[in-house]
1. If you take the square roots of the eigenvalues of the alpha-carbon gyration tensor of segment A:1-96 and sort them as a ≥ b ≥ c, do you get rounded (a/c under 1.5), prolate (a/b over b/c) or oblate?
2. With a point put 7 Å past each Cα toward its Cβ, work out how far B:GLU94 is from B:GLU33 in nm, to one decimal.
3. Across peptide B:39-51, what mean number of C-beta atoms from other chains lies inside 10 Å of a residue's C-beta?
4. So what are the radius of gyration and Dmax for the Cα set of segment A:50-134, in Å?
5. With a Förster radius of 35 Å, plug the Cβ-Cβ distance of B:GLU123 and A:ALA134 into 1/(1 + (r/R0)^6) and report the FRET value to the nearest 0.05.
6. With a bin width of 5 angstrom, please list the P(r) values of segment A:88-137 as percents of all Cα-Cα pairs, from the 0 bin to the one holding the largest distance.
7. Per the Cauchy relation, a quarter of the hull surface: what is the mean projected area of the convex hull of the alpha carbons in segment B:8-134, in nm²?
8. Let me test this: with uniform point scatterers at the alpha carbons of segment B:19-82, what is the Debye-based log₁₀ I(q)/I(0) at q = 0.27 1/Å?
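What follows is calculated from the coordinates using simple rules that are stated; it is not laboratory data. Just so it is clear, the model here is predicted, and its values are computed rather than measured. Virtual Cβ from ideal backbone geometry, glycine too; neighbours counted across all protein chains shown.
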Amino acid sequence: MDKKVAVFACSGIGKSLGAVAREIGYELTERVRPDTTVLTCLALLVINDPEARKLVTENPVIAIDGCVKDCAKKSLEANGAKGVKAYQSIDFFKKHSHLKPEGIAELNEAGKELAALAADELAGVVDELLAEEANNV
Amino acid sequence: MSDKSGKVGIISCSGEAIPGGTISRVACRKVLEELRPGKSVTICLPLFIAGGEEERMFADLFPTITVDGCEKRCAALGTERLSGKPAKTLIVTEILKKKGIPPTTKLRNLGPEEKAAAQAVAEEIAAAIDEVLATK
């Protein structure tokens, strides 16, 4: 099976930027690169799920975190992922500061637009990661 | 556990890749903001790995209720392994089945059916909080 980029987003339940990270994950895997990415539950890494561990050790991985605690990145590294491409949603907000995200359970339109822009930017990262994988075969 | 706060800790799986994970997240927010504000607190599940000793003390500080989206029970197992045994463990799919509500299918942009499911799960969590606080 061709390799895919595994995408893990913040499971945050307390901040709008966590909700943005989650939305970026959906935008990236459902709209921008649906055929070459796969979104997986971050919580599976908390229980060291064997299938999730296999996924993150055998595929390139992107982490999208909602705050400086970097839960997605740290959980990936704790499960053996190497060379994680890690991002924080605050960095996308700094670049597009007119799009202020609000809401946690339900993100506002500005937050959704911010997530869509971020996912568009991450498309290139997905393509680069897969190109590197192809060159290493 | 040594809770003196009169609050219960809710830990949601919030699984991004399953509809039940989204329901668990939305339902927990509803409990925190609307149904039991002042009686509930939360922590992000992955902080048990990414955080420090303070985060891992969560289940010592509060009686906890875990809310999982599927039968993998990541929140329940992760909380027990990394913080402490939950007072109650809930699973979204079981709650919906018990209430005769069809399983949800959306991960985001929830419609009326998903919002109704989240409300039903939130009410179950609120009832569980009341039970936990009543037995203290």
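1. oblate
2. A separation of 2.8 nm, rounded to one decimal place.
3. Partner Cβ neighbours, averaged per residue: 6.
4. 14.4, 42
5. Working: r = 51 Å, r/R0 = 1.45.
The computed FRET efficiency comes out at 0.10.
6. Distribution as computed: 5, 20, 23, 17, 12, 9, 8, 5, 2 percent.
7. Numbers: hull surface 28.9 nm².
Result: a mean projected hull area of 7.2 nm².
8. -1.28
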